[in-house]
Every structure is written in structure tokens, then in C-alpha cells.
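The structure appears below as C-alpha cells.
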Amino acid sequence: MPDQPKTYYLTTPIYYVNARPHIGHAYTTIVGDVLARRHRLLGEETFFLTGTDEHGQKIERSAAAAGIPPQQFTDKVSAQFRTLWDRMGITYNDYIRTTEPRHKQGVQQLFRKLYENGFIYLDSYTGAYCVSDEAFVDAPVGTPCPDCGKLLEEVTEENFFFKLSAFQKPLLDLIESNKLAITPPSARNEVLSFVRGDWNSILELSNEELGAEHSEPLEVFEAFDLAHQKGLLEKFGEDLYYIPGALKDLSISRSSFSWGIPVPEDIQKAAGATKPHVVYVWLDALANYMTALGYGSDDDSLWQKFWPADLHLVGKEITRFHCVYWPAFLMAADIATPKAITANGWLLFDNAKMSKSKGNVVRSETILEGFGRLCPPPLALKGTGFSPSVTSPIREEGALAPEANQRDRDLFATDVLRYFLLREIPFGQDGSFSFDAMITRYNADLANGYGNLVSRTLNMIQQYFAGAVPSPIFEVPGTDAIDTSVVGAAAIAFQKKLATLRDTDFSTFLTEVAAFITVVDGFISAAAPWKLAKDPTKADQLATVLYVSAEAIRWISGTLFPICPTITAKVWQQLGLGDINLAATDGELAHLIWGGLKPGTQLGTLGPIFPRADKGLAQIMIDLENPTPLTIENGKLKTPATTDPAAPPRTASLDEPSGTLTVGGSAAHTTGPSTTPSHTEAPASGIFATPPAAPAVSDASPEITIDDFVKVELRIAEVKVCERIPKADKLLRLEVDLGPLGTRQILSGIAEHYTPEEMVGKRIIVITNLAPRKMRGLESHGMLLAASEEGGKPFLATVPEGVPVGTRLK
Ligand code: MSP
């Protein structure tokens with residue numbers, strides 16, 4: 001029987017549908033796509049899964065905020081993710097949505113298995129919950145979540161619990177033995193220390209409590225040894241210790257809302273549940289990796305073939321869910337654990353993780369639109385009727401179509417984004433994104449490096465050899481022989497070096513490619529083929545130089561293919577090698593052999609590949625991110641009349657409230673001028689205050705469209721708690737009830753005009769979709785609406801009893 005091809009199963013996280021995708025999501029998806037393409041090249045039967053995470057309280061609230069039923073809401077946002085991945089040519093094999101029946105079926109089966117195996121019991125939970133992270137948190141209610149900074153909410157409810165505590169030692173063994181390989185080491189260490197417990201609690205014990213017979217300070221291992229003897233520490237591995245009981249059981253159902261997969265009814269009944277339960281969203285979500293393969297369905301052939309997963313790609317903030325809860329669930333259900341989990345770092349903007357809640361996101365669509373403008377038009381085949389617009393030698397062969405179509409532009413720009421993210425960010429580390437850096441990298445590595453090498457080489461083959469790859473003479477007789485071994489040896493060294501890299505060492509990989517391009521470029525410059533071409537006695541040398549350069553281009557393109565599949569396909573075509581995808585599937589790219597380019601190969605139609613980008617492109621993309629920035633002045637919505645290039649970036653002073661409030665767009669840019677009017681020294685009002693520099697007659701505000709207006713979400717809220725903030729004369733801290741949106745903390749600069757007592761119970765109007773900001777170390781999430789004369793007392797807009805809190809004003 002022939003050997004079955006090796007399989008490779010790779011997943012991205014499934015993305016929450018509470019907001020549209022941004023390039024942070026694209027980053028992980030791109031990494032997944034590159035790995036999937038690379039493993040396919042190696043002849044492995046690869047299954048690449050992505051999808052969306054659509055249940056839970058966060059999504060339920062987002063849908064309520066949008067005023068549409070959750071299913072309709074998730075349908076819409078999930079489609080935005082999928083459409084984007086399709087625009088970007090992501091080669092996923094399946095796209096799972098957690099609201100699909102196939103998923104529901106599998107989750108219920110997993111829940112049943114865990115229950116039948118005795119790892120689930122019913123109890124009640126009182127404690128803090130972070131809705132943003134959908135996580136139970138061991139910290140006081142009302143304080144910021146230690147992970148994301150959002151205020152923790154109190155949850156008191158009947159829950160099903162999973163006996164996570166039973167898996168402390170099995171998890172430590174699994175991770176320590178690398179049966180579950182976790183990378184980078186920082187993620188592995190974080191997970192290990194979470195599972196084994198906090199050693200400081202041992203190191204803080206006195207000699208007496210540890211039973212030491214002396215009072216000298218103890219060495220760490222001495223202390224551990226004593227603690228071990230006393231049963232305070234257990235051992236795993238050789239000399240590794242853990243604190244027994246440090247890992248607590250985990251609530252795996254919710255009973256205070258309904259947007260989720262129901263816990264199987266017979267289990268609810270048997271356990272004596274008094275309320276309907278839905279499965280905790282993380283158990284629901286993690287199970288996607290199984291349900292997409294048909295776990296729990298009639299056809300589990302993919303499940304049999306591909307499980308266990310070879311690699312789960314995750315962002316570093318969700319390693320605990322994947323490396324602790326997930327393998328514990330699987331072990332409890334007698335299912336094999338994944339082989340590897342690797343965490344990417346964060347894309348930062350303005351030194352903060354790019355995220356919807358911070359509002360500092362850049363959308364992939366902006367990059368596609370911006371860099372797509374550089375995409376050269378497709379080259380028409382000879383005789384199609386397009387008239388050449390330029391008569392340079394490279395264009396004589398093929399005529400240019402009037403402009404690139406949308407698909408070409410999207411894929412071209414996606415390649416640039418893929419190249420940039422993987423080249424710029426050492427995998428596993430955080431990396432700052434900026435449009436300027438992307439343009440600089442594009443010009444340096446793609447336009448000047450790779451693109452220039454391709455165009456000069458192919459152009460000369462076209463000119464001196466009528467477009468046929470010449471035959472090299474590697475042993476050039478005579479004294480001024482060209483040392484082709486410079487490139488040949490560099491190519492072999494390059495290949496060897498790449499073989500030592502791990503799958504995810506993208507930035508080292510691309511640095512090596514760039515270095516090889518520099519070697520080849522230097523070789524061409526030193527050999528000066530344009531001079532050789534003038535001397536008929538040097539025809540062999542000329543042929544050799546150009547052959548070697550073309551062969552190097554074949555190597556570079558084949559190597560770059562998984563990262564830049566579209567651009568390398570164009571080069572492959574121009575090199576006369578046809579469809580690179582065929583070379584990918586027949587193994588040529590996975591096993592490049594130096595000298596494999598056949599002399600006599602007729603070049604394809606030549607044309608530009610990487611037009612240079614000028615710096616103006618950054619501004620184009622900034623403008624695309626912020627279509628029409630809106631400001632609110634004197635209580636009126638206003639679009640800025642002019643763009644002030646000197647204005648500070650939009651996040652310039654998020655710590656301190658500004659008098660002018662920007663509500664349009666979402667991005668914070670460090671790299672280009674902002675379109676936001678200058679921040680002012682206005683007092684911390686938290687209401688629509690008057691900035692000193694605002695025009696006196698606000699009626700002059702330009703008109704806005706209804707689309708502009710609906711960007712501002714206004715809702716009825718009731719003040720539940722209100723207090724002064726020590727040492728802040730103008731600020732009040734309020735907790736307001738927003739109905740389905742829950743309770744929020746808002747800081748408002750009205751303390752000089754309203755007392756906390758008169759505020760409590762007031763039904764007011766709040767702008768709810770403002771990005772949270774910090775003042776005096778406290779997060780304020782929203783603003784109160786008030787009317788105020790310049791410098792005068794603000795009058796809070798209030799609403800009568802009877803209108804339910806949370807209702808949206810439209
Ligand atoms: N739904 C959960 C995951 C469930 S998986 C069973 C979730 N979704 S998420 O939409 O918040 O983000 C998921 C992932 O998107 C992150 O883990 C990360 O891979 C990627 N990123 C989102 N923002 C990112 C950055 N700013 N930078 C890098 N990756 C980012 O968590």
C-alpha cells in the first residue's frame with residue numbers, strides 16, 4: 001500500500017463578531033495562511049481552519065446595542081470577516097461559525113462526554129466576571145480587569161463547573177514533556193506558572209513555618225525542599241514543584257442570559273438545575289477545532305484523519321484558554337491533545353494593543369485600497385488590442401491593460417501586507433504598526449530590492465538574448481573570468497540557513513532573502529553585464545552572469561511563494577516558467593536545485609511589478625481610516641473645516657479629557673498628521689464642554705449627513721452610584737445602568753454644578769460608543785449629554801420615567 005501523505009491540521013482563533021476585523025486579526029490569519037501554504041508545498045495534506053466566535057454575553061450586548069437580534073447581528077459581522085479573508089486570498093479549508101447546527105451538536109456531545117466521565121457538577125458562582133474577555137476573574141468586582149482593564153462585573157448565578165483542579169499534574173506533565181509544545185518560551189512559562197501556582201506564597205513563609213532547623217535565610221531550593229516535606233509543594237518532572245490545589249475548578253455554563261448553546265436538557269434535569277443553562281462561551285468556542293472536523297456528527301472522517309491538531313495559532317492574550325482549559329477538557333473527554341500551540345505577539349498602535357475597545361485600529365481594507373493603487377495593470381497577451389502606453393524595452397512585448405482590476409489590486413496589496421508584517425515583527429513579539437514604516441519597507445525590500453533585481457535582469461535577457469534564458473559557462477576561461485560561485489555558493493548557504501529555521505521564524509527568513517538579493521545585486525553590479533555586452537569576446541561571461549541572476553530570481557521567488565503568493569506568481573510568469581502553483585504542487589518549490597532553470601526558457605511578457613510608493617500614500621490611508629472625522633462643539637456635531645497638519649495625533653492625550661470630543665472614525669495614528677482639531681486645556685467635563693478656541697457661532701458648523709449622525713450612539717441611562725473623586729474638584733464618578741449594555745463607570749466634570757446626592761436616580765442621556773479613556777487612573781466609558789452656555793452651568797439632559805434604560809435615541 002502506498003504511504004498515506006502526512007497530514008497537517010492548523011487553526012486560527014475564531015474571531016469575536018462584536019466588531020469588524022482589523023489588521024490584528026489579519027495578522028494571525030496571514031500567519032496561518034503562510035504556514036498552510038508552506039505545508040502544502042511540502043506535500044502534506046493540509047487542513048487550515050478559521051471562523052467566528054458568535055455566542056456569549058459580549059456578543060449579546062453588542063447585538064442589543066446595534067438594535068438587532070443576535071443571529072442577524074452575527075450573520076452580518078461573520079460575513080464581513082469571511083468576505084475580507086476571501087478578498088485577501090486566504091486559503092482556508094473551512095470556515096466555522098459557532099452558531100451553525102454542526103457546531104452546536106458537537107459542543108453538546110463534548111459536554112455530555114465530560115459529564116458522563118464525572119468531571120462536571122452543578123454549583124453556584126459569586127464573583128467577578130470580565131465580559132470583554134468572557135472570563136471569570138479572581139479580583140474584586142468593580143476594579144479593572146487585570147488583563148484588559150475593563151471594569152469587572154459581579155456575577156452570582158447557578159453554574160455547571162468543570163473539575164479543572166483534577167488536571168493540575170496531568171497538565172504540568174503534558175507541557176513539561178513537550179507533548180503539548182507551547183511557543184514562544186514566554187507563553188510556555190506563563191502557562192506553567194499559572195498551573196503550578198504562585199511560588200511566592202512559599203518563599204514568604206518563615207523558617208519556622210517551613211520547619212527549618214536554623215534561622216539563616218534559606219536558599220530557594222532549600223525552602224522548596226522543606227515545603228515539599230511538609231506537603232505544601234508537590235513535584236513534577238525532575239526538580240520541578242507545584243502548589244497542590246492552585247488550579248481551581250472552572251465554571252462552564254451561564255444561566256443569567258440565553259445567547260449560547262443550551263446545556264443538554266437531560267443533563268440539566270439530572271443535575272437539578274433550577275434555571276436554563278447555556279455552555280460557557282470559551283468551552284463552546286474551543287470546541288470549534290473539533291466540530292469543524294465533524295466531531296459529534298454522522299460523518300467524522302475528517303476528524304479521524306486530522307485530529308489531533310498539529311498547531312493552534314493564538315494571540316498571546318488567549319494562551320491560558322488554549323494551553324490550560326483546552327487540553328484539560330480534552331483529557332477529561334479521553335480525546336488526544338493538540339501537538340502544538342504558538343502565540344503571536346500584538347500589533348500595537350500608539351504603544352497599545354490594537355483593539356476595537358481602544359479604538360486604535362487599522363483596517364485591512366484600508367491597506368488593500370491604499371497599496372492596491374500601486375498594483376500595475378495586468379499585461380495583456382500579444383495581439384489583444386491594448387496599445388502600449390510606453391515604449392520602453394520592457395513594455396514592447398506586452399501592452400498594458402488600462403488598469404488593474406479589483407481582485408489584482410487586493411491580492412497585490414495583501415502580499416505587501418503579508419511581507420511587511422512577517423518581515424517587521426519577530427514572531428512572538430509585539431510590533432508597532434505604522435503606514436510610514438510599511439511604505440519604507442515596501443520601497444526598500446520590494447521595489448528597490450526584489451523588484452529592481454527582477455526588472456534589470458529580465459530586461460537585459462530581453463535585450464541581449466531576445467528574451468531567451470542564456471546558457472551559462474560556469475568555467476569561464478581567461479584571466480578576467482567571472483566568479484559565478486559567489487552567487488552559487490551564496491545560494492547554497494542561503495538554502496542551508498533556511499533549512500535551520502523554524503516554521504515561524506519569518507522575520508529571520510525574510511532577512512536572509514533580502515541578504516541574498518543584495519548578494520545577487522552586488523554580483524550584477526560588479527560584473528557590469530551592460531559593459532560585457534559591448535565586447536563580443538565576452539558573450540559567454542554575459543550569458544553566465546544573466547543566467548546566474550535569473551536562476552537566483554527563480555530561487556528567491558520559489559522561496560518567497562508562501563509569503564507573497566501573488567507577486568511571486570507574476571515574477572514566475574515573467575521568467576517564462578508558467579504557473580507557479582503547478583511548481584508548488586509538483587514539489588519543485590519545496591526542493592529547489594541550483595542550476596534547475598533551463599537555458600533557452602523563453603521569458604514571459606515583461607512589465608512593472610513594484611512601482612515605488614511615495615510618502616503621500618500614508619496620508620491617503622490615514623484619510624481612508626477616518627472618512628469624515630466628526631467633532632462635537634458646543635453640543636453640536638461638527639465636521640472640521642480644515643485639516644491641520646500640525647495637529648497632534650488623535651490619541652495624543654487620552655489620559656486627560658479634552659474639551660473637544662472626536663467621535664468619528666476609529667484610528668489613532670502616530671505616523672501622520674491628524675485631522676482632529678487641537679486638544680484644549682478645557683476642564684475635565686465629561687459633557688459637551690466649550691473649547692476655548694471654538695468658534696463663537698456654532699451655527700456655522702458644516703452640515704452632516706444622517707450617516708454621520710448615526711455613528712453617535714445615545715442611550716437612556718440611570719445613575720446608580722455617584723461620588724466625588726478625592727483631589728479632583730471638578731470630577732464625579734458615576735455608575736450608570738444601561739439596561740442590556742450593563743453598568744458602566746463614567747467620569748464627568750460636573751462636580752461644581754451637581755452633587756452626588758442629586759445625581760443618584762437621575763435618568764440621563766449617555767453617548768455609549770466612545771472609546772474608553774482614563775482620568776486620574778480610572779476608566780471612563782461614555783459621556784453624559786448636557787446643554788451648556790460658554791463658561792456657564794451645564795444643564796444635564798434628563799428623561800422622564802417610563803422610557804426603559806438602555807433605549808437608544810435616534
Ligand atoms: N473569540 C476569541 C478566540 C476564541 S478561539 C477558540 C477571541 N477573539 S478575538 O476576536 O478577540 O481575537 C482573537 C485573535 O485575534 C487574537 O488572539 C489574535 O490572534 C488576533 N488579534 C486580535 N487583535 C490583535 C492584535 N492587536 N495583534 C495581534 N493579534 C491580534 O479572543
Go through (1) at pLDDT 80 or above; (2) surrounded by fewer than 20 Cβ atoms within 10 Å (Cβ to Cβ) and name the single condition Ile764 misses.
(2)
Within the set of pairs 6+ apart or on separate chains, which have a first residue in the stretch 306-327 that is part of a helix (DSSP H, G or I) and of a type in the set (A, V, I, L, M), a second that is near the ligand (Cβ under 7 Å from one of its atoms) and modelled with pLDDT of 95 or more, and C-beta atoms under 8 Å apart?
Ile318/Pro13
Counted residues in the stretch 349-369 being over 18 Å from Ile439 (Cβ atoms) and open to solvent by 10 Å² or more (accessible area, probe 1.4 Å) come to 10
Output the residues belonging to the stretch 790-810 that are open to solvent by 20 Å² or more (accessible area, probe 1.4 Å), assigned to a loop (DSSP other than H, G, I, E, B) and in contact (Cβ under 8 Å) with a residue 12 or more places away in the chain.
Glu790, Gly791, Lys793, Ala797, Val799, Pro800, Glu801, Val803, Pro804, Val805, Thr807, Lys810
Please find, within the stretch 27-58, the residue that is farthest from the ligand (Cβ to nearest atom) out of those that are closer than 22 Å to Trp303 by Cβ, of a type in the set (D, E, K, R) and surrounded by 23 or more Cβ atoms within 10 Å (Cβ to Cβ).
Glu54
When Thr504 is evaluated against the numbered criteria (1) over 30 Å from Ala181 (Cα atoms); (2) at pLDDT 90 or above; (3) not in a helix (DSSP H, G or I), which criterion, by number, is the only one it fails?
(1)
Yes or no: Arg254 in contact (Cβ under 8 Å) with a residue 60 or more places away in the chain and away from the ligand (no atom under 14 Å from the Cβ)?
yes
Could you run through the stretch 128-148 and say how many residues are crowded, with 16+ Cβ neighbours inside 10 Å and not polar (S, T, N, Q)?
12
Out of the residues in the stretch 320-347 that are of a type in the set (S, T, N, Q) and more than 9 Å from the ligand (Cβ to nearest atom), which is nearest to Gly118 (Cα to Cα)?
Thr337
Do you know which of the residues in the stretch 9-21 that are open to solvent by less than 20 Å² (accessible area, probe 1.4 Å) and in a strand (DSSP E or B) is nearest to the ligand (Cβ to nearest atom)?
Tyr15
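To keep it simple, each residue is scored yes or no on (1) outside any helix (DSSP H, G or I); (2) of a type in the set (Ser, Thr, Tyr); (3) within 16 Å of the ligand (Cβ to nearest atom).
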residue: Ala187; (1), (2), (3): no, no, yes
residue: Ser201; (1), (2), (3): no, yes, no
residue: Leu205; (1), (2), (3): yes, no, no
residue: Ser215; (1), (2), (3): yes, yes, no
residue: Pro244; (1), (2), (3): yes, no, no
residue: Leu247; (1), (2), (3): yes, no, no
residue: Trp282; (1), (2), (3): no, no, yes
Which pairs have Cβ atoms under 7 Å, sit 6 or more apart or on different chains, and link a residue in the stretch 204-230 that is surrounded by 10 or more Cβ atoms within 10 Å (Cβ to Cβ) to one that is at pLDDT below 90 and β-branched (Val, Ile, Thr)?
Ala223/Ile202; Phe224/Ile202; Ala227/Ile202
Could you count how many residues in the stretch 59-69 are open to solvent by 40 Å² or more (accessible area, probe 1.4 Å), under 13 Å from Tyr16 (Cβ atoms) and of a type in the set (Val, Ile, Thr)?
0
Can you tell me which of (1) within 19 Å of Val195 (Cβ to Cβ); (2) under 16 Å from the mean Cα position of the chain (by Cα); (3) open to solvent by 20 Å² or more (accessible area, probe 1.4 Å) is the one Ala343 doesn't meet?
(3)
So which residues in the stretch 328-351 are small (Gly, Ala, Ser) and free of Cβ contacts under 8 Å to residues at least 60 places away in the same chain?
Ala336
Is one or more of the residues making up the stretch 298-305 part of a loop (DSSP other than H, G, I, E, B), farther than 30 Å from Lys6 by Cβ and either touching a Pro at 6+ places or on another chain (Cβ under 7 Å) or more than 11 Å from the ligand (Cβ to nearest atom) (or both)?
no
Return the pairs, sorted by first residue and then second, in which the second residue is loosely packed, with under 15 Cβ neighbours inside 10 Å and small (Gly, Ala, Ser), the first residue lies in the stretch 137-149 and is closer than 20 Å to Phe321 by Cα, the beta carbons are less than 7 Å apart, and the residues are 6+ apart or on different chains.
Pro146/Ala139
Any residue that is outside any helix (DSSP H, G or I) and over 37 Å from the mean Cα position of the chain (by Cα) - is there at least one of those in the stretch 731-749?
no
Can you tell which of Gly89, Gly24 is within 21 Å of the chain's Cα centre (by Cα) and within 11 Å of the ligand (Cβ to nearest atom)?
Gly24
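To keep it simple, each residue is scored yes or no on (1) among the hydroxyl-bearing types (Ser, Thr, Tyr); (2) surrounded by fewer than 20 Cβ atoms within 10 Å (Cβ to Cβ); (3) closer than 21 Å to Glu158 by Cα.
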residue	(1), (2), (3)
Gln71	no, yes, no
Ala79	no, yes, no
Arg82	no, yes, no
Trp85	no, no, no
Asp94	no, yes, no
His103	no, no, no
Val107	no, no, yes
Gly118	no, yes, yes
Take the stretch 409-424 and flag every residue that is under 17 Å from Leu348 (Cβ atoms) and open to solvent by 10 Å² or more (accessible area, probe 1.4 Å).
Arg423, Glu424
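The values are calculated or read from the model by the stated rules, or taken from the named source; none is laboratory data. Everything numeric in this text was worked out from a predicted model, so none of it was measured. Glycine also receives a Cβ, built like all others from the backbone with ideal geometry; neighbour counts cover every protein chain displayed. What goes into the accessible areas is simple: the full protein's heavy atoms, side chains included, and nothing from ligands, DNA or RNA. Shrake-Rupley method; radii C 1.70, N 1.55, O 1.52, S 1.80 Å.
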